[in-house]
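The values are calculated or read from the model by the stated rules, or taken from the named source; none is laboratory data. Quick caveat: nothing in here was measured; it's all calculated off a predicted structure. Using ideal geometry, Cβ is built from the backbone for each residue, glycine included, and neighbour counts are taken over all protein chains shown. Each accessible area value is taken on the protein alone, full model and side chains, heavy atoms only, with ligands, DNA and RNA left out. Shrake-Rupley method; radii C 1.70, N 1.55, O 1.52, S 1.80 Å.
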Amino acid sequence: MKKKPIIIGIESSCDETAVSIIQNRYVLSNIVIHQYIHKKYGGVVPELASRLHDKNMIIAVHKSIHSAKIKKNEIDAVSFTLGPGLIGSLLVGASFAKSFSMGLDIPLLTVNHIQAHILTHFIKNSNINNYCPKFPFLSLVISGGHTQIVKVDDFFQMKILGSTLDDAIGDTFDKIARILGFHYPGGPMIELFSKNGNYKKFYFSKPLINGLNFSFSGFKSHILQFIKNKLKKNPLFIKQNISDICASIQRTIAEILLEKMQKATLKTNIFRIALAGGVSANYEIRRMFISFAKKNKKWEIFIPKKEYTTDNGAMIAITGLLKYEKKLFDNIYVSPYSKFKEF
Ligand code: KG4
Ligand code: ZN
């Protein structure tokens, strides 16, 4: 029997150096090297990120090949993130992938990072039933840099129905978390501290944005102002109320997302919803979508495995594999781009 193609995926758009190997839509290895250095700066420092990608890329590639139990020359194609992202970081992944493709004389496949978050749903998992969304479906992409509602008609036929007019949701989580005294990335810290909190303790009004767009900048300022005012009266306000503050913010964000997706389903008459991106790791957001889908039988909800929510190489490798199957190869003269491009 003919061997199924083996694809390596290289992700370096932000602060994770991630490499994964996929065959037949199953993940053979998935290595992520996190860059903890940014914690102390409250956000990703682009130059430090590029330098660390450069240092860690070869290590991640070696680990990935080793843990997939394959030989380098069994790899059939190399896929990598072309954009959007930090340009210095992307260049490291791009240069590596181009050299790898030339050295092994194998095809090169470029990947749009956002499209890859969406396509993680097509990764097969050996121990759970392989349940992936049928087309068309709606993807809610919630990450550090993006917040979008995307109609997915096919693997590479996607249309943006709504997006943020200002800040992305992950960035909102991170900025609020910073004021609360948490290190970067703050989203997981807000989730952690919400566990013992009462979400009804503080009320934050939700942004009123028409259609399927989002806006988080006013919401963020409203919370920052609220906290500043409280601190003036009681300098221990954050310390004494941290769990309730986190739970109230997290709950409000989850409600904003759920309400928008309800609108999107009614507008499109599509009730298959797939969450994607780093913020979809959030327990409360997942719980609220699952619970809504249980009550509303028309809804079918798809939640990625936790390891495929934040940036990872498997999402790049699966997108590469899907492109490989359609022979959507690229040449080595492609250049990374930092700003989001329409799919
Ligand atoms: O998708 P991702 O890894 O990177 C981008 O493509 O931007 O998303 C990173 C974002 C960060 O803002 C981080 O705070 C957020 O995802 N995040 C979370 C959680 N885990 C990661 N936000 C809320 N709750 C979480 N559990
Ligand atoms: Zn991402």
- Query: What number goes with the only condition from (1) within 24 Å of Ile176 (Cβ to Cβ); (2) within 16 Å of ligand 1 (Cβ to nearest atom) that Ala274 does not pass?
  - Reply: (1)
- What residue, among those in the range 175-205 that are open to solvent by 30 Å² or more (accessible area, probe 1.4 Å) and touching a Gly at 6+ places or on another chain (Cβ under 6 Å), is nearest to ligand 2 (Cβ to nearest atom)? Tyr184
- Task: Give Lys260, Lys230 a once-over and let me know the one that is touching a residue at least 12 places away in the same chain (Cβ under 8 Å), out of contact with any Cys (no Cβ under 9 Å at 6 or more places or on another chain) and basic (Lys, Arg).
- Result: Lys260
- Message: Name the single residue that is nearest to ligand 1 (Cβ to nearest atom) among those in the range 161-179 being within 22 Å of Phe137 (Cβ to Cβ) and touching a Lys or Arg at 6+ places or on another chain (Cβ under 8 Å).
- Response: Gly162
- Does Pro46 count as open to solvent by 50 Å² or more (accessible area, probe 1.4 Å), within 16 Å of ligand 2 (Cβ to nearest atom), within 20 Å of the chain's Cα centre (by Cα) and within 30 Å of Ala254 (Cα to Cα)? yes
- Going through the range 91-145 one residue at a time, which ones are free of Cβ contacts under 8 Å to residues at least 12 places away in the same chain and in contact with a strand residue (DSSP E or B) (Cβ under 8 Å, 6 or more places away or on another chain)? Asn130
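Could you say whether any residue in the range 6-27 is hydroxyl-bearing (Ser, Thr, Tyr), in a strand (DSSP E or B) and closer than 16 Å to Pro336 by Cβ? Steps first, answer last, please.
If we filter the range 6-27 for residues that are hydroxyl-bearing (Ser, Thr, Tyr), which is where we start, we get 12-13, 17, 20, 26.
Adding the requirement that they be in a strand (DSSP E or B) leaves 17, 20, 26.
Retained after the next criterion (residues that are closer than 16 Å to Pro336 by Cβ): 17.
Yes.
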- What residue, among those in the range 12-29 that are in contact with a Ser or Thr (Cβ under 7 Å, 6 or more places away or on another chain) and farther than 30 Å from Gly42 by Cα, is farthest from ligand 2 (Cβ to nearest atom)? Tyr26
- Message: Which condition from (1) modelled with pLDDT of 95 or more; (2) away from ligand 2 (no atom under 16 Å from the Cβ); (3) under 23 Å from the mean Cα position of the chain (by Cα) is the one that His53 breaks?
- Response: (2)
- In the range 280-324, anything touching a residue at least 40 places away in the same chain (Cβ under 8 Å), away from ligand 1 (no atom under 15 Å from the Cβ) and open to solvent by 20 Å² or more (accessible area, probe 1.4 Å) is listed as Glu300, Lys323, Tyr324
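This table checks each residue for (1) of a type outside the set (Ser, Thr, Tyr); (2) more than 14 Å from the chain's Cα centre (by Cα); (3) under 16 Å from Thr147 (Cα atoms); (4) not in a loop (DSSP other than H, G, I, E, B).
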position: Ile270; (1), (2), (3), (4): yes, yes, no, no
position: Ile273; (1), (2), (3), (4): yes, yes, yes, yes
position: Glu284; (1), (2), (3), (4): yes, yes, no, yes
position: Arg287; (1), (2), (3), (4): yes, yes, no, yes
position: Ile290; (1), (2), (3), (4): yes, yes, no, yes
position: Ala293; (1), (2), (3), (4): yes, yes, no, yes
position: Ile301; (1), (2), (3), (4): yes, yes, no, yes
position: Glu307; (1), (2), (3), (4): yes, no, no, yes
- Sort through Ile238, Ile256, Ile245 and tell me the only one that's under 25 Å from Asn210 (Cα atoms) and either touching a Gly at 6+ places or on another chain (Cβ under 8 Å) or of a type in the set (A, V, I, L, M) (or both). Ile256
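Here's the yes/no breakdown for (1) away from ligand 1 (no atom under 12 Å from the Cβ); (2) within 30 Å of Phe237 (Cβ to Cβ):
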site	(1), (2)
Leu138	yes, no
Ile142	no, yes
Gly145	no, no
Gly197	yes, yes
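Being among the hydroxyl-bearing types (Ser, Thr, Tyr) and crowded, with 19+ Cβ neighbours inside 10 Å is the filter; apply it to the range 10-41 and report the residue that is farthest from Gly277 (Cα to Cα).
Filtering the range 10-41 down to residues among the hydroxyl-bearing types (Ser, Thr, Tyr) leaves 12-13, 17, 20, 26, 29, 36, 41.
Still in the running and crowded, with 19+ Cβ neighbours inside 10 Å: 12-13, 17, 20, 29.
On the way: Ser12: 15, Ser13: 13, Thr17: 16, Ser20: 17, Ser29: 20 Å.
Step by step, filter the range 10-41, then rank; the result is Ser29.
Residues being open to solvent by less than 10 Å² (accessible area, probe 1.4 Å) and within 16 Å of ligand 2 (Cβ to nearest atom): count how many of those fall in the range 256-279.
Quick first cut of the range 256-279, residues open to solvent by less than 10 Å² (accessible area, probe 1.4 Å) only: 257, 261, 264-265, 273-277.
Now restrict to residues that are within 16 Å of ligand 2 (Cβ to nearest atom): 274-277.
Matching residues across the range 256-279 total 4.
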